[in-house]
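Only one structure is covered here, and it is reproduced in the block below.
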Amino acid sequence: MTKNVEHTPRSVAADMFKTFRLKKAFVPFLVYAPERRWLTETREALEAELGPIHFMDPSEGLFGEIQASLESYTNQGRRPVIWIQQPDFEASAWRAALPGLNFKRGWFEREQDVFLVLAGPMDLLDLIMDQASDLRSFAKTRFVHKADPPEPVEKLRWLHLAGPSFRKEDRWEQQDSLSSMRNKLSLLRDEGRAPELVFVTGDVAHSGKEKEYDRARHFFSELAEILDLEPRYRWFIVPGFKDIDQMKVHKGDALILDHLSSQDDLFRIFEDRDTMALI
């Protein structure tokens, strides 16, 4: 039964060594890794425990090479270890080698007590599933993963004020909310967790009147002082529909706006000097 785990090169080598010592039957190992150097580290760690390993490239004549290597093997006190891997992965070589190994699975089980390792990138997994499904069905599978430490990520804290809609007169519910916001932001500042950017999206004012903007300006100034954020560089404000004083929109302006059907229409007006002069 195939067992899928994800480990570092050293832990995979230790698992392989444990299997080598405990099991005398033919148990192939399938080892995959995103980077070749991790496979190299795994093989070197295994060699440190077992001694020299027979290293072979996959090819159509691979089974014959394994046979010849086993026939000449002289260290009867230790099972032979054969590691099959390419310096640079080529799918065609594996396609030529895998059917033969898969077909000779029974021979390995009957005739030889050998420790066989097939190693390569993640693409090799698909090839083995397609070309050597019988071999894979009783092999041990290990995914070598040795991720580099992640780069430290700087967190950006920001405050979004959506539609404050300031009015000319004080409204108790809004004043309560604004007061609570001041206190909360002061606490965050003292804890070193204050926002670094402020986004205000309209409607800023309830009806685009000057007194409404005076109240908004006063409140935003208080927040800028609490947060120590320069409004010119750290504040971003996008007006809404009500941020236009409709009483100041003339009939001519309204006619122009009513006949604008796209952004392209607006650009054409801006680009026409004669039209802009009339406006």
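The values are calculated or read from the model by the stated rules, or taken from the named source; none is laboratory data. Quick caveat, the model's predicted, so the values are computed rather than measured. Neighbour counts run over all protein chains shown; Cβ positions are idealised from the backbone, glycine included. To get the accessible areas, we keep the full protein, side chains included, count just its heavy atoms, and leave off ligands, DNA and RNA. Shrake-Rupley method; radii C 1.70, N 1.55, O 1.52, S 1.80 Å.
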Once every DSSP H run of n ≥ 4 in the chain is given -39500 (n - 2.57) and the sum is divided by its residues, what mean residue ellipticity at 222 nm do you get, rounded to the nearest 500 deg cm²/dmol? -14500 deg cm²/dmol
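Could you grab the relative contact order for the range 9-56? Cα pairs under 8 Å, six or more apart, rounded to a whole percent. Present the calculation step by step, with values, prior to reporting the outcome.
On the way: 23 pairs, mean separation 26.4, N = 48.
Result for the range 9-56 is 55 percent.
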Between the helical axis of 9-22 and the dominant principal axis of the chain, each derived from Cα atoms, what acute angle in degrees is found, rounded to the nearest 10? 30 degrees
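Under Stokes-Einstein, with the Kirkwood radius over Cα pairs standing in for Rh, what whole-number D in µm²/s applies to the chain at 37 °C and 0.692 mPa s? Each step should come with its number before you reach the end.
Values: Rh = 25.8 Å.
So the translational diffusion coefficient is about 127 µm²/s.
Just the number please: accessible area per residue for the chain, 1.4 Å probe, all protein chains included, in Å². List each step's numbers first, then the result.
Numbers: 17620 Å² over 279 residues.
Per-residue value: 63 Å².
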Relative contact order (%) - the chain, alpha-carbon pairs under 8 angstrom, separation at least six: 20 percent
Counting alpha carbon pairs within less than 8 Å and at least 6 residues apart, what relative contact order, in whole percent, applies to the range 187-279? 33 percent
So for the range 98-252, taking the charge dipole from beta-carbon charges (+1 Lys/Arg, -1 Asp/Glu), which of Gly106, Leu178, His160 sits furthest toward the positive end? Leu178
A correct Karplus calculation of ³J(HN,Hα) over the range 113-122, with 6.51 cos²θ - 1.76 cosθ + 1.60, θ = phi - 60°, whole Hz and x for Gly and Pro, returns 9, 10, 9, 10, 10, 10, 10, x, x, 5
Calculate what fraction, in whole %, of the accessible area of the chain sits on carbon and sulfur atoms when a 1.4 Å probe is rolled over the protein chains. 52 percent
By how many degrees, between 0 and 90 and to the nearest 10, does the Cα long axis of helix 62-71 differ from the longest principal axis of the chain? 50 degrees
Note down the accessible area of Phe138, probe 1.4 Å, to the nearest 10 Å². 40 Å²
Residue-wise, which Karplus ³J(HN,Hα) couplings in Hz belong to the range 47-55, taking 6.51 cos²θ - 1.76 cosθ + 1.60, θ = phi - 60°, and x for glycine or proline? 4, 5, 8, 9, x, x, 10, 6, 9
What are the residues whose amide H is under 5 Å from the amide H of Ala33, where those residues sit 5 or more places off or on another chain and H is modelled from the backbone? Gly120, Met122, Val144
Would you grab the residues whose amide H sits under 5 Å from the one on Phe55? Only those 5+ places off in sequence or on another chain, please, with H modelled 1.01 Å from N. Trp83
Would you work out if the range 133-279 is rounded, prolate or oblate? Take a ≥ b ≥ c from the square roots of the eigenvalues of the alpha-carbon gyration tensor; rounded if a/c is under 1.5, else prolate when a/b is larger than b/c, oblate otherwise. oblate
